[in-house]
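Following: one structure in structure tokens, then a few remarks.
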Amino acid sequence: MNKEEVNKDEYSIEIKGLTKKFDKYVAVDNLSFSIPKGVIFGFLGPNGSGKSTTIRMICGVLTPTSGEGKVLGYDLKSNPEKIKSKIGYMSQKFSLYEDLTIEENLTFYGEIYSIPKERLKDRIEEIIVMLNLNEKRKVLSKNLSGGWKQRLALGCAIIHKPELLILDEPTAGVDPVARREFWTTIKDLIKDGDITVLATTHYMDEASVCDIIGFIFEGKLVTIDTPANLYKKYNTDNLEDVFIIYVKELSHKEVISSFDQLKKDSGKKEGKL
Ligand SMILES: Nc1ncnc2c1ncn2[C@@H]1O[C@H](COP(=O)(O)OP(=O)(O)OP(=O)(O)O)[C@@H](O)[C@H]1O
């Protein structure tokens, strides 16, 4: 067994000093963290703090300016294609084909990942059962409600059994019941330990279901810990308090108000989980 394979068993993501500059602007600044296999990692931070840029580097689609990293045991710089093939990605925009049915969307994504026909047929049935999609399997995705679209988008993202699932604000704009069901499904998905989840969200109640929370601010990692440790450290029972304390400590007034705005925005769209 070579060294890459050994690492592969320990951590899903290991990054060291990862930095991305756009001209002189430092969007991600010397980020280092390691995420063990089989956990849900919540990656949080105000708008523009560098989450998407970090995720794009982790997915192998954006080359770091400096620093290094391994994802699923593969080197970010030398093996991005291998990484891409083992990642599932679901964004808030649900990249579905509106004029295809549930079944057809799943087939389409399966074919992109070159899953052999017979295996794909079985995998689609597995996903339809797992995500409770049977009733509307012949319905065009443009005619589905937000919660159904979200489940279908998740199905498409996991069709090839990825080892790392990236969820970029996966519940933005769906109702509280669908949000709760979504996280129950995600918990179910990781219970065998074969899949790691990296999720961004602006909903602090959702973030609390994560096993590990990383908080990024102005491109720098401010903290990385379990929710329980963060509650203890700040003598509170919710993450919202923790992050308001961080932002207050770290920022000047405008940034605090942008975090408040972020809270307001999320409050408009939802009830509590
Ligand atoms: N291609 C690019 N060229 C120049 N600047 C960029 C580019 N991509 C991102 N940025 C800048 O880098 C910073 C970090 O952006 P990023 O999208 O990573 O933040 P984010 O935390 O994901 O924000 P949001 O929550 O709004 O999605 C922002 O100031 C953004 O304008």
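The values are calculated or read from the model by the stated rules, or taken from the named source; none is laboratory data. This is a predicted model, so every value here is computed, not measured. Because the Cβ atoms are built from the backbone with ideal geometry, glycine has one as well, and the counts that use them run over all protein chains shown. Only protein heavy atoms, including side chains, enter the accessible area calculation; ligands, DNA and RNA are left aside. Shrake-Rupley method; radii C 1.70, N 1.55, O 1.52, S 1.80 Å.
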Problem - Highest-first arrangement of 97-108, 54-65, 221-232, where packing means the average Cβ count within 10 Å - result: 54-65, 97-108, 221-232
Handout entry: Rounded to whole Hz, the Karplus (6.51, -1.76, 1.60) HN-Hα couplings of segment 17-31, x for glycine and proline
Key = x, 5, 9, 10, 10, 10, 6, 8, 7, 8, 7, 10, 10, 6, 7
Exercise for the section: Would you mind checking which residues have amide H under 5 Å from residue 31's amide H? H placed 1.01 Å from N; only 5 or more apart, or other chain. Expected result: 17, 18, 19
Practice task
Using only protein heavy atoms and a 1.4 Å probe, report how much of residue 145 is accessible, in Å² to the nearest 10.
Solution key: 60
Practice task
Please count, across segment 47-154, the pairs of lysine residues with Cα atoms under 21 Å apart that sit 8 or more places apart or on different chains.
Solution key: 21
Exercise for the section: Please list the non-local residues whose amide H lies under 5 Å from the amide H of residue 12, H modeled 1.01 Å from N, same-chain partners needing a gap of 5 or more. Expected result: 35, 37
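Per residue, how much accessible area does the chain have with a 1.4 Å probe, in Å²? Can you show the working numbers first?
On the way: 13420 Å² over 273 residues.
Accessible surface, normalised per residue, equals 49 Å².
In whole percent, how big is the carbon plus sulfur part of the accessible area of the chain, probe 1.4 Å, protein atoms only?
Working: 6550 of 13420 Å².
Here carbon and sulfur together make up 49 percent of the probe-accessible area.
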Problem - Whole-Hz couplings from phi, Karplus 6.51/-1.76/1.60, listed for segment 160-170; x for Gly and Pro - result: 9, 6, x, 8, 10, 10, 9, 10, 9, 6, x
Problem - Built amide H within the under 5 Å cut-off of residue 226, gap 5+ - result: 213
Completion exercise
Taking the chain and counting helices only, DSSP H stretches of n ≥ 4 at -39,500 (n - 2.57) each over all residues, the nearest-500 ellipticity at 222 nm comes to -12500 deg cm²/dmol
